[in-house]
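Data block below; observations after.
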Amino acid sequence: MIKKTLLALSVIALASASALAQQASIKRTPLQTANFPEDYSTGTVSGEVAPGASSGRHTGPGTEIGYVLDGEVGLVVEGQETKHLKAGDSWQIPPGVPHNAKTSGDKPMKYIGIYVVDRTKPLASPAPEK
């Protein structure tokens, strides 16, 4: 019963992120989740961002770590220089920090993402533009 409840919470978190992602031409496929550490959900996703698409400026309730499998992306993390990432590059975004990613080139950017998030909050929330 506990496993089903925790899985349901993880699915809700990913579904709310999926709603944001659909608006931004991003496809996320959950690969696995684990409820660790306490009160958090750790999830691994594979993702694809369409050519010329943007994630939109948003925040997350935990740490995001990612690795580019294919394509290119410009990653803007508030307080940091814009990073231009390509296959083989990785990134890390701290909890609650606004960020945005926009693909460059004519092919989608494919990635693996790992999220360690407060499981009572949505995976992504829109952040106001600066």
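Some observations on this one:
- Pick from the stretch 34-51, criterion assigned to a strand (DSSP E or B) and more than 14 Å from the chain's Cα centre (by Cα), ranking: surrounded by the most Cβ atoms within 10 Å (Cβ to Cβ): Tyr40
- Any chance Ile112 is surrounded by fewer than 17 Cβ atoms within 10 Å (Cβ to Cβ), under 18 Å from Thr44 (Cβ atoms) and either of a type in the set (Val, Ile, Thr) or in contact with a helix residue (DSSP H, G or I) (Cβ under 8 Å, 6 or more places away or on another chain) (or both): yes
- Search result, residues across the stretch 66-118 that are more than 20 Å from Leu31 (Cα to Cα), polar (S, T, N, Q) and not in a loop (DSSP other than H, G, I, E, B): Asn100, Thr103, Ser104
- Just one of (1) surrounded by 18 or more Cβ atoms within 10 Å (Cβ to Cβ); (2) touching a residue at least 24 places away in the same chain (Cβ under 8 Å) fails for Lys121. It is (1).
- The C-beta contact set for the stretch 74-99 (first residue in contact (Cβ under 8 Å) with a residue 24 or more places away in the chain and loosely packed, with under 12 Cβ neighbours inside 10 Å, second residue of a type in the set (A, V, I, L, M) and in a strand (DSSP E or B), distance under 6 angstrom, 6+ apart or interchain) comprises Gln92/Ile65.
- Filtered residues of the stretch 52-73 (kept if exposed (fewer than 15 other Cβ atoms within 10 Å of the Cβ) and either at pLDDT below 95 or small (Gly, Ala, Ser) (or both)): Gly52
- Hey, Pro30 assigned to a loop (DSSP other than H, G, I, E, B) and modelled with pLDDT of 90 or more or not: no
- Meets criteria (closer than 23 Å to Lys110 by Cβ, modelled with pLDDT under 90 and either β-branched (Val, Ile, Thr) or part of a strand (DSSP E or B) (or both)) for Val11: yes
The values are calculated or read from the model by the stated rules, or taken from the named source; none is laboratory data. Every value quoted in this text rests on a predicted model; they were computed, and no experiment measured them. With ideal geometry, Cβ positions are generated from the backbone for all residues, glycine too; neighbour counts draw on all protein chains shown.
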